[in-house]
Structure formats: structure tokens, C-alpha cells
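S.K.: Sharing a structure below in C-alpha cells format, with a few things to ask.
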Amino acid sequence: MPPKQKITKDMILEAAFQITKEKGFEGVNARSLAKVIGCSTQPIFSHYSNMADLKKEFCEYISSYYNEYVLSRAKGENFFREIGLAYIAFAKNESNLFQLLFMSERTGVDMYSDMFGDENLEVAKVVSAKAGISLEAAKNLFRKIWIFVHGIAALTATKSARLSDAETEKLMGEAYNAFLAQEKKN
């Protein structure tokens, strides 16, 4: 008799990733995970007491995927602009993952309030230096641009808008210039 396969958390998370990419997180349940993995539901519940616990850990899992996705595309001179374009590209190319990460309730996460953790604060410092504005003005600029870019990304992820890359870049440039002028005026 062959040895039983040991089901790991990574296997469960990868199955959730596969299902979410194809059908959205709504398609993830113990039975669908078990089917993809090729096991019963028991190993899933031996790792997670409920689906809410799985969702929380899965959001961390795909957050890492998202960070790699964005950083692999943001390597040029205008890092700030490229992050925005990568965010929109993620919404377009990975719409189900984007919707789970950025358009659904995640326990304990307030994206707007948590916007200036260490990573984003460093971006604000760079924007402050390059644009010749105070750090506080750079934070305001960052917030306004993020809300604008998130709007485009949300429309893209839900297929409510189909903007070309050129249209997206033009809109982002115009918004950046308008918001920057507003911050310089203030």
C-alpha cells in the first residue's frame, strides 16, 4: 500500500490560488480545495479551523504574490508612476486576486489608514525630494493619486472600463500634475 500523501498548508494555499484565479474566492470552499488537491476535506480542517482563518492566511499569501508582481514591473526611473501602472496591470491581469485583495473586506485591514507603513513612507520621501514638496504634501499627493489609480484599477478589474495602456498613462499623468499643482499651491 503506498504511503498517504501529507497535505500541507502550502498545498492548500496553492489550490486556493488556482481556484481564485479562475473563479474568484467565492469558489473556494473545503470541497473545491479537496477536489483540486485530491484528498478529503479532513486535512483542510486539520490546518484551518474555519474558512475565515484560511481566507486571512490566503490574503497574506497573495499579498506576497502581488508585491513580487509589482516590484518586478517597477524598475525604471519613475518608480511612483510604475507602481501605479503595475497596480492597474495587476487588476487587469489578475482581476479575481485583485478583487479579493483590494475590493473585499479583510479583517483587521484598513488600507487607507495603513497607507503609510514603512514601504509607502519611503515612496513619499522620494516623491517629496523629487517634486520639491514637504513630506506632508507628498503624503497627500500619494493618497490622492492612490485613490485615483485605485478607481481605474477597480473599473478595470470589474471590466467596467477597458482603457488602453496609453489612455491609462495619460490619465495618470494628468491627475498627477493636477494633484501636484494643488499641493504646491497649498
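The values are calculated or read from the model by the stated rules, or taken from the named source; none is laboratory data. Predicted model only: the values in this text are computed from it and were never measured. With ideal geometry, Cβ positions are generated from the backbone for all residues, glycine too; neighbour counts draw on all protein chains shown.
S.K.: Restricting attention to helices (runs of 4 or more DSSP H) lying wholly within region 28-73, give those where 2 or more residues are within 25 Å of Lys92 (Cα to Cα) and either in contact with a Leu (Cβ under 7 Å, 6 or more places away or on another chain) or not hydrophobic (A, V, I, L, M, F, W, C) (or both). Outline the logic, then answer.
M.R.: On the way: elements: 30-37, 42-47, 51-73.
Ranges flagged: 51-73.
S.K.: Starting from region 156-171, keep only residues that are under 13 Å from Arg81 (Cα atoms), then list their pairs with residues that are in a helix (DSSP H, G or I) whose Cβ atoms are within a distance under 6 Å, requiring at least 6 positions of separation or different chains.
M.R.: Hits for this filter: Thr168/Ile88.
S.K.: How about region 151-178: which of its residues are among the charged types (D, E, K, R) and over 21 Å from the mean Cα position of the chain (by Cα)?
M.R.: Going residue by residue through region 151-178, those that are among the charged types (D, E, K, R) are 159, 162, 165, 167, 169-170, 174.
Glu167, Lys170, Glu174, listed by residue number.
S.K.: So if I check each of Glu68, Glu94, which one is among the acidic types (Asp, Glu), surrounded by 13 or more Cβ atoms within 10 Å (Cβ to Cβ) and modelled with pLDDT of 90 or more? Quick ask: steps written out before the conclusion?
M.R.: Values: Glu68 fails: surrounded by 13 or more Cβ atoms within 10 Å (Cβ to Cβ).
None of the other options fit; the residue is Glu94.
S.K.: Hey, another quick one. Among the residues of region 133-186, write down those that are surrounded by 18 or more Cβ atoms within 10 Å (Cβ to Cβ) and assigned to a loop (DSSP other than H, G, I, E, B).
M.R.: Ile133
S.K.: Could I ask something else about it? Scanning for something surrounded by fewer than 18 Cβ atoms within 10 Å (Cβ to Cβ), more than 30 Å from Phe142 (Cβ to Cβ) and in contact with a helix residue (DSSP H, G or I) (Cβ under 7 Å, 6 or more places away or on another chain), does region 7-14 turn up at least one residue? Reasoning before the result, please.
M.R.: Here is the first cut: in region 7-14, the ones surrounded by fewer than 18 Cβ atoms within 10 Å (Cβ to Cβ) are 8-10, 14.
Filter once more, so that each one left must be more than 30 Å from Phe142 (Cβ to Cβ): 8-10, 14.
Next, only the ones that are in contact with a helix residue (DSSP H, G or I) (Cβ under 7 Å, 6 or more places away or on another chain) stay: 9.
Checked against the condition, which is being surrounded by fewer than 18 Cβ atoms within 10 Å (Cβ to Cβ), more than 30 Å from Phe142 (Cβ to Cβ) and in contact with a helix residue (DSSP H, G or I) (Cβ under 7 Å, 6 or more places away or on another chain), region 7-14 yields at least one hit.
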